[in-house]
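To start, the structure under review is shown below, and the notes come after it.
The values are calculated or read from the model by the stated rules, or taken from the named source; none is laboratory data. From a predicted model like this one, the values you see are computed outputs, not experimental measurements. Neighbour counts are summed over all protein chains in view; Cβ atoms, including those assigned to glycine, are modelled from backbone coordinates with ideal geometry.
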Amino acid sequence: MAERIRAARREDLNALRDIERAAGQRFRDFGLEAVAEDQPASIEELQGYAAEGRAWVAVGDAGEPVGYILVDEIEGGAHIEQVSVAPDHQGRGLGKALIARVRAWAIERGIRALTLTTFDHIPWNRPLYEHLGFRVVPEEEIGPGLRAVREAEAAVGLDPDLRVVMRLDVA
């Protein structure tokens, strides 16, 4: 299969919600029912990301979305809000390719770092990001914007003790 990365379009948005729901099911194996049952971003929210050029999709042979990534700008960095790959397309480097696209986008804009929050103990979370060059940001170095992200995650039931903030310097 020859997947490729392109900007998200309005016609992709329902598929992106389906991808996130399906990808989230793996978290049940780690007792994270809340993640598996969490509702993806609304069509309106996804449209906002797409309209602002902050959403990309990985597409399969027929042009169908099989993965996606959303980015916010926080504290001068490109913050990866969400990255999801359809279960039957996982393990093929699509998450890595989506992150590479965001890295290129950030460099084009003079953004010096990518950030994200992720689970510390999930094999396809922190270890994958470390392999890509991300490092855990110590608590004392987390700025107010990323603290707000962590607070919002806690408000929807994500245990902050299981989460880390990570950063990849790109410039």
Pair list, Cβ < 7 Å and 6+ apart or interchain, from the stretch 39-54 residues that are of a type in the set (A, V, I, L, M) to residues that are modelled with pLDDT of 95 or more and in a loop (DSSP other than H, G, I, E, B) = Ala50/Ala8; Ala50/Arg9
Take Leu128 and decide whether it is assigned to a helix (DSSP H, G or I), among the hydrophobic types (A, V, I, L, M, F, W, C) and more than 18 Å from Trp56 (Cα to Cα).
-> yes
State which residue is modelled with the lowest pLDDT when the search covers only the stretch 110-134 and only residues that are over 14 Å from the mean Cα position of the chain (by Cα) and crowded, with 17+ Cβ neighbours inside 10 Å.
-> Ile122
Has the stretch 95-105 got at least one residue that is farther than 26 Å from Gly60 by Cβ and out of contact with any Gly (no Cβ under 7 Å at 6 or more places or on another chain)?
-> no
Can you give me the number of residues within the stretch 119-164 that are hydrophobic (A, V, I, L, M, F, W, C), closer than 18 Å to Lys96 by Cα and touching a residue at least 40 places away in the same chain (Cβ under 8 Å)?
-> 3
With respect to Ile43, is the statement that it is out of contact with any strand residue (DSSP E or B) (no Cβ under 9 Å at 6 or more places or on another chain) and either buried (at least 19 other Cβ atoms within 10 Å of the Cβ) or farther than 30 Å from Pro138 by Cα (or both) true?
-> yes
Consider Ile107 carefully, then state whether it is surrounded by 13 or more Cβ atoms within 10 Å (Cβ to Cβ), more than 16 Å from the chain's Cα centre (by Cα) and assigned to a helix (DSSP H, G or I).
-> yes
Residues within the stretch 42-75 that are modelled with pLDDT under 95 and of a type in the set (Gly, Ala, Ser), tallied | 3
Select from the stretch 15-45 the residues that are charged (D, E, K, R), more than 16 Å from the chain's Cα centre (by Cα) and either within 30 Å of Ala113 (Cβ to Cβ) or not in a helix (DSSP H, G or I) (or both) and list them in ascending order.
-> Glu44
So how many residues does the stretch 46-79 have that are of a type outside the set (S, T, N, Q), assigned to a helix (DSSP H, G or I) and surrounded by 13 or more Cβ atoms within 10 Å (Cβ to Cβ)?
-> 4
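Rundown of residues vs (1) within 27 Å of Ile142 (Cα to Cα); (2) among the polar types (S, T, N, Q), yes/no style:
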| site | (1), (2) |
| --- | --- |
| Gln25 | no, yes |
| Asp38 | yes, no |
| Asp61 | no, no |
| Glu64 | no, no |
| Gly76 | yes, no |
| Ser84 | yes, yes |
| Gly93 | no, no |
In the stretch 82-95, anything surrounded by fewer than 15 Cβ atoms within 10 Å (Cβ to Cβ) and part of a helix (DSSP H, G or I) is listed as Pro87, Asp88
Here the residues within the stretch 141-157 that are within 20 Å of Glu130 (Cβ to Cβ) and part of a loop (DSSP other than H, G, I, E, B) are Ile142
